[in-house]
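See below for the structure under consideration.
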Amino acid sequence: MDHLYCLRCSRELEAGQKSVAVYLFAQTVGVRPRQKSSAQRICFCPQCSVSLAMGPAPEGALNLAAWQMIRDIVGADPALTEAAWESLHGVEEGLLPATGTAGAAHPARAGAYFEF
C-alpha cells in the first residue's frame with residue numbers, strides 16, 4: 001500500500017487514520033471515442049480539512065468546487081473536527097502544553113507567530 005500524505009502540510013497519513021480524500025479524474029463528454037484519465041487520490045489530514053473548510057473561498061473554479069466539497073464533508077459529521085481538535089490540543093505527544101506547566105522547557109522562538 002502506498003504511503004499517503006496530506007497535500008497541504010505533507011503530514012504522513014497512516015492507514016485507517018481520519019482524513020478527507022478527494023478523487024480527481026477527467027473525462028471527455030460528447031467526443032467519441034471517450035477518453036478518461038486515471039484517478040488521483042488527494043488527501044487532507046483532519047487539521048488541514050477543517051482549516052480549509054473554515055477559511056475563505058479560494059480563487060479558481062476547480063479550487064472552489066473542491067473547497068465546497070470539503071466544506072460539505074467537514075460540516076456533515078463532527079468526527080473529523082474532533083480529530084483535528086484532539087491533535088491541536090496536544091493529545092499526541094504533548095504538542096501544546098497547558099499554560100503554567102512544564103511547557104516552559106520549550107521557549108517561544110524569536111519571531112514565531114500564529115496566522116489566523
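The values are calculated or read from the model by the stated rules, or taken from the named source; none is laboratory data. Small disclaimer: the values here were computed from a predicted structure and weren't measured. Cβ placement follows ideal geometry from the backbone for every residue including glycine, while neighbour counts extend to all protein chains displayed.
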Being surrounded by 10 or more Cβ atoms within 10 Å (Cβ to Cβ), under 19 Å from I73 (Cα atoms) and not basic (K, R) is the filter here, so list the residues in segment 10-39 that pass it. L13, Q17, S19, V20, A21, V22, L24
For segment 53-97, which positions are at pLDDT below 90 and in a loop (DSSP other than H, G, I, E, B)? D77, H89, G90, V91, E92, E93, G94, L95, L96, P97
State whether one or more residues within segment 63-80 are out of contact with any Phe, Trp or Tyr (no Cβ under 7 Å at 6 or more places or on another chain) and in contact (Cβ under 8 Å) with a residue 60 or more places away in the chain. yes
